[in-house]
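Structure, as C-alpha cells:
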Amino acid sequence: MEIIILENPQVVYMEVASRINGQIQKKPGSILGLATGKTMQGVYQKLIATAQESNLDFSQVSTFNLDEYLGIPPDDPLTFNAYMLENLFRWINIKAENIFIPSTLPQNVDKECQRYEDLIKNRGGIDLQLLGIGREGHIGFNEPSSSLQARTRVKTLTDVTRKDNFGEADGPRFAITMGIGTIMEAREIIMVATGKEKAKIIADAIEGPVTASCPASILQFHPQAKIIIDADAASLLQRRDYYEWVYAHKKEVENLEIE
Ligand code: GLP
C-alpha cells in the first residue's frame with residue numbers, strides 16, 4: 001500500500017482529482033470505478049475544475065458505480081444515480097451509454113447483480129477504482145462481516161451507515177454493492193478519507209489485521225492500493241512518520257541505481 005498523507009481535505013481532493021485526470025489522459029477509454037459520499041463530492045468538484053482547465057475528454061470513458069440503494073424509485077433524489085448526475089456527470093462530456101449504476105428496482109435482484117458483474121468483465125475490468133470508507137470500515141456497501149471474496153450482491157445497511165447517510169430520516173435498508181472480490185480485481189485502487197471521525201477506522205484498515213470486521217483492511221492484499229488521507233484522518237496511525245518519509249523521498253527511491 002502507498003500511504004499519502006496531505007495537509008488538509010482540499011489538497012487531498014486535488015491530488016485524487018489529478019490522478020483521475022492523469023489516468024484518462026494516459027488511457028482515454030479508461031474504465032473508472034466510482035464511489036459516492038461526502039468525501040467524493042470534494043473529489044468530483046476538483047475533478048470538474050481540472051477537467052475544464054485541461055479540456056479533459058470523457059467521451060470514451062466508462063464508469064461503474066460501486067453501489068446503489070435498493071427498493072426506491074429510480075428518480076428518488078436519494079439514489080446514487082441522482083448523486084452522480086448532480087455531482088459529476090452533468091458537468092463533463094461522458095456518454096450516457098457509458099455510465100453504469102445498479103438498478104434500484106430490478107425485476108430479479110440476482111440477475112441484476114450478475115448482469116453488473118458481466119458488464120464490468122465485458123468492458124475489460126476496472127482500471128482505477130475510487131473508494132471512500134465508512135466509519136465502520138465498509139467499502140462500497142460491504143459492511144463488517146462481509147465475505148472478503150464476495151461478488152456483487154445485496155447487503156443490509158448497518159444502523160451506523162443509515163445514520164451517517166440519512167440522519168434521522170428513514171432511508172433504504174438494502175443496497176446492491178460490488179463485492180470485495182469484485183473491487184479487488186480493479187487494476188489500481190485509491191481510497192480517500194478526511195477528518196478526525198475517520199482516524200480510528202483508517203488506523204484499523206492500514207495497521208490492523210485483515211479482517212471482515214473491517215472490510216477496508218483487505219486493501220493490504222492489493223498490490224496497487226493508494227490510501228490518500230488528510231492529517232486528521234492520519235492522526236491515529238502509529239507509523240505515520242515512516243509513511244511521510246517514504247512519500248517525501250519517493251522520487252529518490254524511483255531513481256535509485258544499485259550497481
Ligand atoms: C457511503 C458509500 C461508500 C462511501 C461511504 C463514505 O456509504 N456507499 O462508498 O465510501 O459512504 O462516505 P463519506 O465520504 O460521506 O464519509
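Here are the numbers for the structure shown:
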{"quantity": "Selection status of GLY171, within 13 Å of the ligand (Cβ to nearest atom), over 13 Å from the mean Cα position of the chain (by Cα) and either closer than 21 Å to PRO106 by Cβ or in a strand (DSSP E or B) (or both)", "calculated": "yes"}
{"quantity": "Qualifying positions in the stretch 213-259 - among the basic types (Lys, Arg) and in contact (Cβ under 8 Å) with a residue 24 or more places away in the chain", "calculated": "LYS226, ARG239, ARG240"}
{"quantity": "Condition check for VAL192: within 25 Å of THR63 (Cα to Cα) and modelled with pLDDT of 95 or more", "calculated": "yes"}
{"quantity": "Matching residues, the stretch 18-37, being without any contact (Cβ under 8 Å) to a residue 24 or more places away in the chain and either within 14 Å of the ligand (Cβ to nearest atom) or not basic (Lys, Arg) (or both)", "calculated": "GLY22"}
{"quantity": "Within the stretch 38-68, tally of residues that are assigned to a loop (DSSP other than H, G, I, E, B) and under 15 Å from ILE101 (Cα atoms)", "calculated": "2"}
{"quantity": "Verdict on GLU2 being free of Cβ contacts under 8 Å to residues at least 24 places away in the same chain and surrounded by fewer than 17 Cβ atoms within 10 Å (Cβ to Cβ)", "calculated": "no"}
{"quantity": "Residues satisfying the stated conditions in the stretch 191-212, i.e. of a type outside the set (Gly, Ala, Ser) and under 11 Å from LEU237 (Cβ atoms)", "calculated": "LYS200, ILE202, ASP204, ILE206, GLU207"}
{"quantity": "Condition check for GLY71: at positive phi and part of a loop (DSSP other than H, G, I, E, B)", "calculated": "yes"}
{"quantity": "Answer residue from the stretch 128-138, given it is more than 6 Å from the ligand (Cβ to nearest atom), of a type outside the set (D, E, K, R) and assigned to a loop (DSSP other than H, G, I, E, B) and is nearest to GLY195 (Cα to Cα) among those", "calculated": "GLY137"}
{"quantity": "Residue, nearest to the ligand (Cβ to nearest atom), within the stretch 145-168, restricted to residues that are in a loop (DSSP other than H, G, I, E, B) and more than 15 Å from ASP67 (Cβ to Cβ)", "calculated": "GLY167"}
{"quantity": "For TYR243: the one exception among (1) under 19 Å from the mean Cα position of the chain (by Cα); (2) over 25 Å from GLN41 (Cβ atoms); (3) surrounded by 13 or more Cβ atoms within 10 Å (Cβ to Cβ)", "calculated": "(1)"}
{"quantity": "Some residue of the stretch 115-127 being more than 10 Å from the ligand (Cβ to nearest atom), under 13 Å from the mean Cα position of the chain (by Cα) and surrounded by 18 or more Cβ atoms within 10 Å (Cβ to Cβ)", "calculated": "yes"}
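The values are calculated or read from the model by the stated rules, or taken from the named source; none is laboratory data. From a predicted model like this one, the values you see are computed outputs, not experimental measurements. Please note: Cβ atoms are built from the backbone with ideal geometry, for glycine as well, and neighbour counts cover all protein chains shown.
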